[in-house]
Amino acid sequence: MSTLQASPLSSATRSDADPRWWRRSATDLALPIMLVAVIIVGALTTTGFLTVDNARAVLINASVVGIAAVGMTAVTLSGNFISLAVQQSAVLASVVFLALLGIGWPVLLALLVAVAAVLVTGVLQGLVVAAGLNPVITTLAAGAVIFGVVTAVTKGQVITAPGADLAWLGTATLLGLPAAVYAFVIFTALITWVMTRTVIGRQMLLLGANKATAQLSGVRARKATLAAFLALSVGAALAGVITAAQLGQATSSDLPDLTINVIAAVLVGGTAIGGGEGSALRSAVGALIIAMFNNLMLLHDLPTGGRLALTGVLVAAVVTVLQLLRTRGTR
């Protein structure tokens, strides 16, 4: 005689069947609560924080960091931890973009070639990681190589594109918002769709959640890892191009805090460092929180060292709280 049994998955996802539903809700609400808390603290303690001009500056900074963080999310969710080559990849895109414009290339063609250059480096890193090498060591080495090559080629000089019309990409606004913000929203929506609605996106999530199960299910780790590094490469390249368009120049030492801010945005957004849990949207909100936090510190004239230290404290505190909530929710 057969016995009908309820699906473990269906019963686990029903909040009324699990007395720990409120703990999962607390984890989900932690990010918006933190966002609101930063806004309230900023408004109460910092003159000029809620002005239109300052809000626009925060959104611009959040867009550059956020685009790269959304790309990084694919790498982290796939179980490949983080990349330490984000800043160097963005700088590579900036330099290639402006160098091509400087010799007369059309803006869109220069943009595509800049993105393609970073994609090549991303593919190489993805292949090495897929072969079994540690992703942190691999990307650290890749960043050093990219920085060295860019510095050698440019000889440390400032790259500009005199006469190039970059206002539409850098400083022009539509409905009061610059192009970077729209690029941020579109890229976040695209990566969210890829991760949740496509086969390769679901394979990346499964690979990060449980590599052994993913391989038994027929997921090709090499393909999923390459897809994750391609997403990161596109995000880093777009961040670099947008920065170049805003500044009108590029050097090999630009964006020194980009990598740490991107990692902070991903972790503050709640993406599990081991993979399998998180989302591009959460990383986007994390980037907004980091941008507001950095803005508050700048308005209070904190030095670079102090800002980095406090950012580290923020990340450590958020990750600890989220881990405690997740641990309680599994008991």
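Things worth noting here:
- Among V234, V123, V268, residue whose mean-square fluctuation peaks in a GNM of the chain (springs only between Cα atoms under 10 Å): V123
- Magnitude of the charge dipole for the stretch 50-329, about its Cα centre and with charges confined to Cβ atoms of Lys, Arg (+1) and Asp, Glu (-1), is about 880 debye.
- If the chain linking A141 and D165 were pulled fully straight, counting 0.36 nm for each residue of separation and taking away their Cα-Cα distance, it would gain 5.1 nm.
- CD proxy at 222 nm, helix term only [per DSSP H run n ≥ 4: -39500 (n - 2.57); per residue of the chain; nearest 500]: -24500 deg cm²/dmol
- Between the stretch 160-199 and the stretch 222-300, the Cα center-to-center distance that results, in Å: 14 Å
- Here the residues K155, K211, ranked from fewest to most Cβ neighbours within 10 Å of their Cβ, fall in the order K155, K211.
- Once the Cα atoms are used to define both axes, helix 304-329 deviates from the longest principal axis of the chain by about 20 degrees.
- Cα gyration tensor category, rounded, prolate or oblate, for the stretch 78-217 with a/c compared to 1.5: oblate
- Couplings for the stretch 230-237, taken from phi via the Karplus curve 6.51 cos²θ - 1.76 cosθ + 1.60 with θ = phi - 60°, read 5, 4, 4, 4, 4, x, 5, 5 Hz in order; Gly and Pro are left as x.
- Relative contact order for the chain: 34 percent, from Cα pairs under 8 Å spaced at least 6 residues apart, divided by residue count.
- Segment R328-T154, length gained on full extension (0.36 nm per residue, minus Cα span): 57.4 nm
- The chain: angle of helix 135-154 to the longest principal axis, Cα-based, in degrees nearest 10: 10 degrees
- The candidate values are (i) 19.8; (ii) 17.1; (iii) 18.2; the one derived from this structure for mean projected area of the Cα convex hull in nm² carries the label (i).
- When T151, T196 are arranged by Cβ crowding within 10 Å, least crowded first, meaning fewest neighbours, the order is T196, T151.
- 3J(HN,Hα) along the stretch 53-60, derived from phi through the Karplus expression 6.51 cos²θ - 1.76 cosθ + 1.60 where θ = phi - 60°, amounts to 4, 5, 4, 5, 4, 4, 5, 5 Hz, with x in place of Gly and Pro.
- ³J(HN,Hα), Karplus 6.51/-1.76/1.60, whole Hz, each residue of the stretch 173-179, x for Gly, Pro: 10, 10, 6, x, 10, x, 4
- Between V319, L133, M292, the Cα set farthest toward the positive side of the dipole of the chain (charges on each charged residue's Cβ, about the Cα centre) is that of L133.
- Among L98, L299, L77, the largest mean-square fluctuation in a Gaussian network model of the chain (Cα springs under 10 Å) belongs to L299.
- Cα-based helix-to-principal-axis angle, 258-268 vs the chain, degrees rounded to 10: 20 degrees
Bear in mind that the values in this text are calculations on the coordinates, not laboratory data. This structure is a prediction, so every number in the text was calculated from the model and none was measured. Heads up, the Cβs are rebuilt from the backbone with ideal geometry, glycines too, and the neighbour counts pull from every protein chain shown.
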